[in-house]
1. Find the centroid of the Cα atoms in region 262-279 and in region 1-62, then give the distance between the two in whole Å.
2. Quote the charge dipole size of the chain about the Cα centre in Debye, to the nearest 20; the model charges only the Cβ of Lys and Arg (+1) and of Asp and Glu (-1).
3. Work out the charge dipole of region 227-379 with +1 on the Cβ of Lys and Arg and -1 on the Cβ of Asp and Glu about the Cα centre, then indicate which of 235, 366, 277 is farthest towards its positive end.
4. Which helices of the chain meet both criteria: a Cα extent of 18 Å or more along the helical axis and a mean Kyte-Doolittle score no lower than -0.5, with helices taken as whole DSSP H segments?
5. Quick one: check the C-alpha center-to-center distance for region 427-476 versus region 284-329, whole angstrom.
6. Quick one: compute the contact order of region 476-577, relative version, from alpha carbon pairs under 8 angstrom and 6+ residues apart, as a percent.
7. Would you please calculate the Kirkwood hydrodynamic radius of region 3-53 over all C-alpha pairs and express it in Å, rounded to one decimal?
8. Taking every Cα atom in region 75-211, find the radius of gyration and the maximum pairwise distance Dmax, and write them in Å.
Amino acid sequence: MTSWLGVDTGGTFTDFVVLSDGAQRIHKVLSTPHAPEEAIFRGIEELGLTPALRAGELVIVHGTTVATNAALEGKGAHTLFITNAGLEDLLRIGRQTRPALYDLTPDAAPSVLDTQPVTGVAARRDASGHEVVPLTDADLTQVREAVDTLKPDAIAISLLFSYLDDAHEQALRTALANTGIFVCHSAEVLPISGEYERGLATWLNAWLGPKVADYLQRLAQGASPSPVSLMQSSGGTLSLDAAARRAVNLLLSGPAGGLNAARAIGEQLGMPRLMTFDMGGTSTDVALLDHGIRLTLEGRIGHWPIAVPMVDMHTIGAGGGSLARVDDAGMLHVGPASAGADPGPACYGRGGTEVTVTDAHLVLGHLPASQSLGGSMRLDLAAAQAAMDRLATQLGTDRDGAAHGVLALANEHMAQALRVISVQKGYDPADFVLLSFGGAGGLHVCALADILGTRRALVPRNSGVLSAQGLVHAPRQRELIQALPARADAAAVSALADTLLASGRQALRKEAASTSSFSQAVEVDLCYQGQSFPLSVPWEGDAAAAEAAFHALHESRYGHRLHLPVAWVNVRARVSAPSSLPEAPPPPSQPPGEPASTPVAGLGAVPVLARETLAALASDRSLPGPLVITEPVATTWVAPGWGLRYLPSGDLLLTREQPL
């Protein structure tokens, strides 16, 4: 019998959600950053799924951080960048955008690009895609000689205007096909205008490609004969073989799974407008869902601008494992450095001695000392208190004061991130429901809602492993994008859309998505003439309607519309294959046991309720805070002034019932 497994690898824990034989199980193990597949196979063994794995009856959908971590840590491959002669410095020059607007003589920041080789070819196309200078045999010989001399581990090819005609890129790739080196070209990675963004995406794909391919090969060998698919940054999955060639599309692999689950929950509960925050051990990812997941071509990973389609998300270094420290001026800082999985927070009892956000919750009582993280890890209250006492001495305050300071600073970091994806884009947080997930999300949801002025919040069922749950239910999907030629009319737009949709359907059929009922959607990217950053609007064959929608969206986003011609930039097509999963089982329910409580600083004894007992306690009424809600993979702190109601779906609805 087939089982489905979602696996989300995080900085501290690797999360598992299994759907099998009408039952759903969840599990966590500590991550193994040096070899992420080790934690995956250990979790499969602990879940008793190894026989199904070996029989080829375990369908694995994986959200990975291998590409993300390699990009952030600068640990890519030795990569040769091939471009047009005269443009060899393209990636180093970048764009005019700079961190200090009025600093006219900034110091050049060191970059891994400084050590990466570049070569140029004389071949050239013009802005219409017509050949100006042909690609000659001498060019191909020069490139092969450069490869023999430089001995790169990967090669990225990006030529001007190849998104209109990629014959030169294809010829270069063919000439290098027998080298045994990872090779990619820009027309397959990101066929849009913008030589810097397209070139950088192609270089990143090659730079990350060998590391990702090596990891996926180890994962495939260990999982064989069971199939493995990967979550893309755009929210859909693709086969392992395809993912090995598209490393740049995996940079938000894990977080995209969580947004898939959040979108489904919002639709089920009639709450399509959500602000989400996923707080794990190392980082927090925030996003805004307004009747669906928003995609962007303006994403960033660290200091890299990433122009491939990805979920519109903002990430900060604030998680349960974020370290607190006092600087030389006596100021408290929290994050972005993290205790990670090893040694982890002081309360893990694995040798950590510095205070983390998790330690602060334990010291204050929001996280009961009797709670086991991940269902099995016992907490060391004495170690957390000792670490907090040392921090308190540095700050000149007491233990509780230091712990409150750590949480207040962490909350403000996350609130600012939520403002970036809401207020700074023209949305009022009060119009949205705040949905929290991740192992640490439920401990902060009330405080963040209060800071943002949001009166309702959701803590989903299995919130501590929601990203893994979203992976299980993720659709097979392709996001395709192609630049439009100059002066394209409605017929040209529709023709290109049909081509992209057909390509997406063909790719999904190759991945055994045998269905005749694909879900399809088309959007066009428009901007005012002279602008550099487009906005996406739906395409239904009517150019006037698309331009009207663009004007309205521009006014909503920026507060005004311009009386300028509209430029048509890109066509985007999304093709999805429906999931064939069985229905998830109903949430578990147990009768209430003996009353329990935990001491909370400043509040005394606070009731502690197991989540599976809430169906009997809070399904027909609201329970007032303060409360601590426990479950194997997460803890929820219901602050004073907030009320909790248990929904039939198993989700928790929190409502601000008393004014601040």
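1. For region 262-279 versus region 1-62, the Cα centre distance is 25 Å.
2. Dipole about the Cα centre, nearest 20: 680 debye.
3. Positive-most Cα among the choices belongs to 235.
4. Helices passing the filter in the chain: 137-150, 195-223, 253-269, 381-395, 399-421, 490-510, 543-558.
5. Spelled out, the Cα-based centre of one part sits 15 Å from the other.
6. Worked out over region 476-577, it gives 46 percent.
7. Roughly 11.0 Å, rounded to one decimal.
8. For region 75-211, the Cα-based Rg and Dmax read 15.1, 49 Å.
A short reminder: the numbers here are calculations on the coordinates, not readings from a lab. Note that the coordinates shown come from a computational prediction; the quantities given were computed from them, not determined experimentally. Cβ sites come from the backbone with ideal geometry, for glycine too, and all protein chains shown count toward neighbours.
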